[in-house]
Structure formats: C-alpha cells, structure tokens
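Read the structure below first, then the notes.
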Amino acid sequence: MKRLTFVTGCLLALAFAKAGSYHEFELYNVRPETAEQLSVLLKWRNGQEIEVDFWDAPKVGRSARLMVTREDHKRVEEFLEQHDIEYDLVAEDVQELLNREQRRNVEHGRRLRRDSNSRATVNFEHFWTLDEIYEYLDELAVAYNGLVRVSEIGRTHEDRPIKAITISTRGAVDQTRPIVFMDGGIHAREWAGVMSVMYMIHEFVEHSDQYAEQLSNTDYVIVPVANPDGYVYTHEQNRLWRKNRSPGNVLCYGVDLNRNFPFQWDRTTSECTNNFAGHAASSENETKALIGLMDQYKAAIRMYLAVHTYGEMILWPWGYDFLHAPNEDDLQRLGERARDALVAAGGPEYEVGNSADILYTASGATDDYAYSLGVPYSYTLELTGGGSQGFDLPAAELARVTSQTFELLKVFGQHAGTLSVTS
C-alpha cells in the first residue's frame, strides 16, 4: 500500500526478528462505519502503545485487515470496542495463514503443469520471482529488439540490478512522443501489483499488433520491480516485508522507498518502522535510480503511474498536504474513465480522488515527486486484492485480476497519446 502500512514503533519488527516467523501475530478485519471511526484508526500510525500493521487501506464502510502481536490482542479489542468499531478475528496465527497461502499456490501451480497441454513458459497464474521477471525481460529484449530495450538503471544495497524496460515502435524512446512512466513493487510485499505491470508488458510486447494504434503514439518506460532486494526477501525470508534492505541501525533494516523522494521529504519516523523515510531525502540506491530515469525522460513524460496494492483506489496529488493539484478536474475525470473501464471488464469500482482527502497526508512519495517535475497526470493506483486466505490474491485469481487491471491501465496510456510533448 502506498500510505497505509503503519508500524508505530520497533516492536513488530523486533518480534518477527526474534521469532523468525509470524506465529505470535494475529489478524483482524476492522470496518469503520463513520468518518470519526476511520480517523481513530488512522491515528494509530502515531500511537505509542499499540503496534499495528494495516494490510489494506481502511476506508469508511469497507473492511481492512490489521495485524498485531498476540501480546496486544486484548488492548486492540478493548480499543475497537471503546470506539464501537466492528471487527472480526480472522487468524490467530498469521504464520499458519501465510503457510496455507503458500501451499495453496504451490498446489495450484502443480495442477496447471499437470493439466496444461501448452508448451508456453509464461503464465499469470503464479507470482513470479525476481529471476523469472528479469529473465523474461531479457528474453523480450532479444526477441523483440525493434520494440523493446532493457537496461540496468542502478544497483541495490545488496548489489542486485534495478532493471527498466522501454516499449516503443521506434525501437528507442526518442522523446518525440508522450511517455507513460510506470513502476511497480516499490513496496516489496505487493506482488500482485508487480504481476499487473508484467501482464501489461506481456500484452503490449507479445501482442503488439492488437494495440497498434495505442503504441503508434505513446511510448512506455517501466520499472517493474523498483525494490529488488525487498522483493527477493519477501520470496525467501519474510513474506510481509515492505521496505528495501539497506541497514538503518544496529537493530533494523530498510527504508520505505515511497517516503524517500526529495519533494516535501520529511523524516517522521524511526528506523524500525515500516514507513521509515530514510536518514535523508534520496538516500537510497533505488530512489536515485528512479530519479535518474525520470530525469532522463522528463521532457516527454506525460503520465506517471505508481502501481501498489491494496485498496481499490485511484489517487492524484497532492499527498503531502491537503492541497489539490491545479488540474484536479482533469485528473479526476481521467481517473473515473479508467475506473469505469475496469468495472466494464468485471472488476470492482475503485474510489477516485485526492490522496490526502481519501487517505491522509504523506511526504516523499513518488506521485508527488513526478507531479513536481511537471508531469501533468500523476497517479497512485491501489489495486484490488487480499482476502481472508492470505496476504495476497490466491494465485488462481491472478490471471483474472491482471487482465482486468490491464483495461484500467490502457485508459491512461490512451489518454497520454493525445497529449503534446511540446512545452
């Protein structure tokens, strides 16, 4: 999620580090029915006594999942009852929930391999590892060298490459046509967002003839996994990790890269929190890589899309304060068009609006940074997903959700193609 995963102190991080699992954590569904109840929930991000981790963006009239340590079980329920907030205990052992999720996805993959007569190696019914993603990008660059370029734009703290892909019918992106700039996976655990970006790449490249009109007037610059170290860590060590993997202090690792961008940056939390903004603006290798890539193409970027999960929202600037972008009407109309395309494809009805109004203020985010560069259309997309059976979508639902999300993404690209690159 872009703004709504809170760990208000270091206890959650240290509890996981000590136990090496989430057996001592519990998961709740909470449902605020009034703006006052929602405000109370959101204030937990600044609380000092109860440590919470929202898996989804809480909104009025909609359930959100909330993880706490078992030690805080009683205090959490007392707090919710005190404010008359509806809740249900979903799982008494979060690690077992994650284990079941993993087993279910593995079994789904086995069934696919057993039942499939296809020789295809690419499918969107499992969550790809970083190696799978990078291998696929490199294969596309070779097989479609008139359309695709893949480059390394930086290295992470753990020395992994940060890769970008460009899609242009002219081969190289020459900045004479409007550019859609996208990134996914800046928060490590948001796998479904990464897969939605990869599905779009797959469609535009391997089936480019079906989108010839759109690709004739629009170029794409995409970083599918903006946080490679964190993404690998969620696959191999800690499924719920959110930040990157740079050391913060002797106890805690990681910076929330979506708080680390220089526009309106503010160091508001400590190193052990899930939304730690870093010791300085642009301190992280991943941040510097994205800034460098934006700077390279900023003369022609007309659309910026940050792909996150979960919340079913289309959000536009500003997010750092309760201020609306000057072209708010245009941003709102286009967001609603994209939402309607998703609904027409069978998807849910997203909420569209200003980031601070719908959620709350947050500094140093990518969408505000892109908008500050003069990109006229800048959005954060909080995609659909989650559920009571695990953190992520079941792999069996992934193909449906990624294809539906593609209909939303196409609307933004189509509009970008109508915009001028001249100042």
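Values quoted throughout were computed directly from the atomic coordinates according to the rules given, and no laboratory measurement underlies them. The model shown is predicted, which means the values in this text are computed figures rather than measured ones. A quick note on method: Cβ atoms are made from the backbone with ideal geometry, for glycine too, and the neighbour counts reach across all protein chains shown.
Calculate the length of the line joining the C-alpha centroid of region 250-301 to that of region 401-423, in whole Å.
Each part's Cα centre sits 26 Å from the other's.
If you take the beta carbon distance between ASP321 and HIS73 as r and set R0 to 35 Å, what does 1/(1 + (r/R0)^6) give as a FRET efficiency, to the nearest 0.05?
Result of the calculation: an efficiency of 0.45.
Label points 7 Å out from Cα along the Cβ direction at LYS43 and ASP209: separation in nm?
Each label point lies 7 Å from its Cα, and together they span 6.2 nm.
Quick one: check the C-alpha center-to-center distance for region 70-111 versus region 171-190, whole angstrom.
Between the Cα centre of region 70-111 and that of region 171-190, the gap is 35 Å.
State, to one decimal in nm, how far the label point of SER21 lies from the label point of SER151, with both points 7 Å from Cα in the Cβ direction.
4.6
Across the chain, how many lysine pairs separated by 8 or more positions, or lying on different chains, have Cα atoms within less than 16 Å?
The number of close lysine pairs in the chain is 6.
Points 7 angstrom from Cα along the Cβ direction at ASN99 and GLN237: gap in nanometres?
Distance between label points: 2.1 nm.
So what is the relative contact order for region 143-224, in percent, with contacts set as C-alpha pairs under 8 Å and at least six apart?
38
As I understand it, the value is the acute angle between the Cα axis of helix 285-297 and the longest principal axis of the Cα atoms of the chain; what does it come to in degrees, rounded to 10?
Relative to the chain, helix 285-297 is tipped by roughly 30 degrees.
Taking the 0 to 90 degree range and rounding to the nearest ten, how far is the long axis of helix 73-82 tilted relative to the main principal axis of the chain, both from C-alpha atoms?
Roughly 90 degrees between the two axes.
What percentages make up the Cα-Cα pair-distance distribution of region 145-195 when the bins are 5 Å wide from 0?
5, 16, 19, 23, 19, 12, 6, 0
Can you give the relative contact order of the chain as a percent, counting alpha carbon pairs under 8 Å and 6+ residues apart?
About 18 percent, as a whole number.
With both partners inside the chain, how many of the DSSP beta bridges are antiparallel, as a percent to the nearest 5?
Beta bridges within the chain, antiparallel portion: roughly 55 percent.
Tell me, what is the FRET efficiency for ALA344 and GLU135 to the nearest 0.05, using R0 = 41 angstrom and their Cβ-Cβ distance as r?
It comes out at approximately 0.75.
By how many nm would the segment from HIS202 to VAL142 grow when fully extended, if each residue of separation counts as 0.36 nm and the alpha-carbon distance is taken off?
Extra length from HIS202 to VAL142 when fully extended: 20.2 nm.
Multiply the residue gap between GLN82 and VAL421 by 0.36 nm, knock off their C-alpha separation, and tell me the result in nm, one decimal place.
So the chain would gain 116.6 nm between GLN82 and VAL421.
Measure nothing but the geometry: give the 0 to 90° angle between the long axis through the Cα atoms of 94-115 and the longest principal axis through the Cα atoms of the chain, rounded to 10°.
40
Using a Gaussian network model on the chain with a 10 Å cutoff between Cα atoms, which of TRP191, TRP128, TRP318 fluctuates the most?
Result for the chain, Cα springs under 10 Å: TRP128 fluctuates most.
How much of the pair distance distribution for region 16-92 lies past 19 Å, counting alpha-carbon pairs only, in percent?
29
Grab the Cα-Cα distance for ARG62 and ASP174, subtract it from 0.36 nm times how many residues apart they are, and report the gain in nm with one decimal.
35.9 nm
What are the ³J(HN,Hα) values, in whole Hz, obtained from phi via the Karplus relation 6.51 cos²θ - 1.76 cosθ + 1.60 with θ = phi - 60°, for each residue of region 363-378 in sequence order, with x given for Gly and Pro?
For region 363-378, the Karplus-derived couplings read 9, x, 8, 5, 5, 5, 4, 4, 5, 5, 7, x, 5, x, 10, 9 Hz, x marking Gly and Pro.
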